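The values are calculated or read from the model by the stated rules, or taken from the named source; none is laboratory data. Predicted model only: the values in this text are computed from it and were never measured. Here the Cβ is made from the backbone with ideal geometry for all residues, glycine too, and neighbour counts use every protein chain on show. Quick note on the areas: whole protein, heavy atoms, side chains included, nothing else; ligands and nucleic acids left out. Shrake-Rupley method; radii C 1.70, N 1.55, O 1.52, S 1.80 Å.
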Amino acid sequence: MRENILDSFIVFEGLDGAGTTTQMHALARYYEFNRRKYMITNEPTSNPIGRMVRDVLQKRIQTTPEALALLYAADREDHLYNPSYGIARVLEEGSIVISDRYFYSSIAYQSVECDPDFINLINDFPSPRFIIYVDTPVEECIRRIDKRGEEKELFDRLDFLTAVQQNYEKAFSALPDGVCLIRIDGSRSADEVESEIRKKLSAYSL
Ligand code: TYD
């Protein structure tokens, strides 16, 4: 049977441009410095199913929102339980696992275009012990995305990100007991955000 809550599993969530990737790497440096056993990872992954997801995001292949939602969920199933690199096993071996995004991203993003019941159904995955939500205003996220100057991905639009933000709030208002939501104001400098994350996690000996 699948465990409901995965201990020592920390996930970063937030809108595109919120700063989750920067903060995940900062936390990894901190664990490195403290000689903690940890692994960083991200969703969509760079494994075969995750690469298909990126092909859709970068508009190399076209499909339906439902098929994309299923791809994200399949990528996640593989990410968790793949016999050779699944994170469930890494956690069992006593490592901290930090992921840039997890199923809350599907609940928040895919529910904008798909039936939320369908998205919940296909994302029946164990919860992480910690969610670090980098809470950054939509306008600031858009500014940062524009500054990167990259080709826009499928989801980088103001109206869309506003809906995603609302879906995150809905999901976080109904978390099961034992899941710890750490909300961080992401509009400040990266250094300030980083030190607040450390401070909050150290209260849990992490
Ligand atoms: P992201 O972490 O932003 O990757 P990168 O910054 O390296 O391109 O993820 C890519 C996009 O995928 C982002 O817009 C969020 C979206 N996404 C979903 O819509 N559902 C999901 O389940 C996940 C994991 C990501």
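Observations on the structure shown:
- Measuring only protein heavy atoms, the 1.4 Å probe finds CYS114 accessible over about 10 Å².
- Distance between the 7 Å Cα→Cβ label points at VAL179 and ARG143: 3.1 nm.
- GNM result for the chain, Cα springs below 10 Å: residue of ARG101, ARG157, ARG148 fluctuating most strongly: ARG148
- Computed over segment 73-118, the Cα gyration tensor eigenvalues convert (square root of 5λ each) into semi-axes of 26, 11, 7 Å, ordered from largest to smallest.
- With all protein chains kept in place, the per residue accessible area of the chain amounts to 51 square angstrom at a probe of 1.4 angstrom.
- Among GLN110, GLN62, GLN23: highest mean-square fluctuation, GNM of the chain, C-alpha pairs under 10 Å: GLN62
- For segment 158-170, the Karplus equation 6.51 cos²θ - 1.76 cosθ + 1.60, evaluated at θ = phi - 60°, returns couplings of 4, 5, 5, 5, 5, 5, 4, 4, 5, 5, 4, 4, 4 Hz by residue, with Gly and Pro reported as x.
- Share of carbon and sulfur in the accessible area of segment 1-152 stands at 50%, probe radius 1.4 Å.
- Projected-area average for the chain over all orientations - Cα convex hull basis, square nanometres: 11.4 nm²
- Taking all C-alpha pairs of segment 160-206, those more than 14 Å from each other amount to 64 percent.
- Full extension of the segment from THR162 to GLN62, taken as 0.36 nm per residue of separation minus the current Cα-Cα distance, would add 33.6 nm.
- Each peptide in 51-57, 78-84, 126-132, 9-15 receives the mean, over its residues, of other Cβ atoms within 10 Å, and ordering these scores from highest gives 9-15, 126-132, 51-57, 78-84.
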